[in-house]
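Read-outs: derived from the displayed coordinates by stated rules, not from any lab. Computed from a predicted structure; not experimentally measured. So basically every Cβ, Gly included, is an ideal-geometry build from the backbone, and we count neighbours across all protein chains shown.
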Amino acid sequence: MTQNKYDAIICDLGNVLIDFDHRIAVKKILCCTPKKEEDVYDLFFDSGLTEAYEEGKIDTNEFYRRVKEFLKLDMEGDKFFPIWNDIFFETPLNIKMCDFLKGVKSKYKLVLISNLNVTHFEFLKPRMRIFNEFDKLVLSYEVGYRKPAPEIYKVALDFARVGPEKAFYIDDRRDLIEGAGKLGIKGMVFDGEAAFERVKKELI
């Protein structure tokens, strides 16, 4: 029997196991804010506010309060959060990747690592059975760090009880792969069908 090159697979969530697009939510709330589309998108996708929420530094109520204040949003929380959560969609490639991980689960420790806020996780948890296939979910809002902070990768390694050279990392963002690489974790950018085939070749 051939011995595995790796003992653990560390896998990202967004745009690997499920796709997402914040513009879906942005377009639905433009009628309730005087802000421009790009301003709303930047706030949702890549701002200090969303970073703080994903690191668990602010709770859901404070997040919504600041969103409402910044956007001058004419929308209450019970209307906002269903829109905020409705950004995810499954592609055939997502399904392939989930099926692949299920198929190799007996050979590897599986660790999910994601920059994720509590609202999105609670929304996805009952909808994504793949979560149950992982031995550990390392979520930024729980551990207090976002990728590419080295601490979040170390949490994954410590749980799997492997050195960085025995872990293989899959993520859709090259900068995050490079961040893990600084710790000695080999990884691959997941950006399409060809990347999926390369992942399979590396791990099977």
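In table form, for the structure just shown:
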read-out: About the Cα centre, charge dipole magnitude for region 149-204 (Lys/Arg +1, Asp/Glu -1 at Cβ), debye; value: 240
read-out: Value of [θ]222 nm, deg cm²/dmol, for the chain, DSSP H segments ≥ 4, -39500 (n - 2.57) each, nearest 500; value: -13500 deg cm²/dmol
read-out: Partner lysines for residue 28 [C-alpha distance under 28 Å; skip if fewer than 8 residues away on the same chain]; value: 36, 57, 68, 72, 79, 125
read-out: Over the chain: Kirkwood hydrodynamic radius from C-alpha pairwise inverse distances, Å; value: 17.8
read-out: Cβ-based charge dipole, region 22-86, positive-most Cα from 25, 85, 43; value: 25
read-out: Over region 22-86: Rg over Rh, Cα atoms, Kirkwood Rh; value: 0.92
read-out: Net charge, residue 36 excluded, C-beta distance under 14 Å - Lys, Arg +1, Asp, Glu -1; value: 0
read-out: Proximal lysines to residue 107, defined as alpha-carbon separation beneath 17 angstrom and excluding residues fewer than eight positions away on the same chain; value: 5, 136, 166, 200, 201
read-out: Candidates per GluC sites (Glu not before Pro) in region 43-112, loop by DSSP, up to 15 other Cβ within 10 Å; value: 76, 90
read-out: Chain lengthening between residue 27 and residue 95 when straightened (0.36 nm per residue, less Cα-Cα); value: 21.8 nm
read-out: Exposure proxy order (Cβ contacts within 10 Å, fewest to most) of 31, 11, 98; value: 31, 98, 11
read-out: Cα-centred dipole magnitude for the chain, charges only on beta-carbon of K, R (+1) and D, E (-1), debye, nearest 20; value: 620
read-out: Dipole moment magnitude, nearest 20 debye, region 22-86 about Cα centre, only Lys, Arg, Asp, Glu C-beta charged; value: 280
read-out: Sequence ranges 174-180, 130-136, ranked by mean other-Cβ count within 10 angstrom, highest first; value: 174-180, 130-136
read-out: Degrees separating the helix 92-104 axis from the principal Cα axis of the chain, which is the longest one; value: 40
read-out: Among 68, 79, 109: highest mean-square fluctuation, GNM of the chain, C-alpha pairs under 10 Å; value: 79
read-out: Highest-fluctuation residue, 16, 155, 138 considered, GNM on the chain with Cα pairs under 10 Å; value: 155
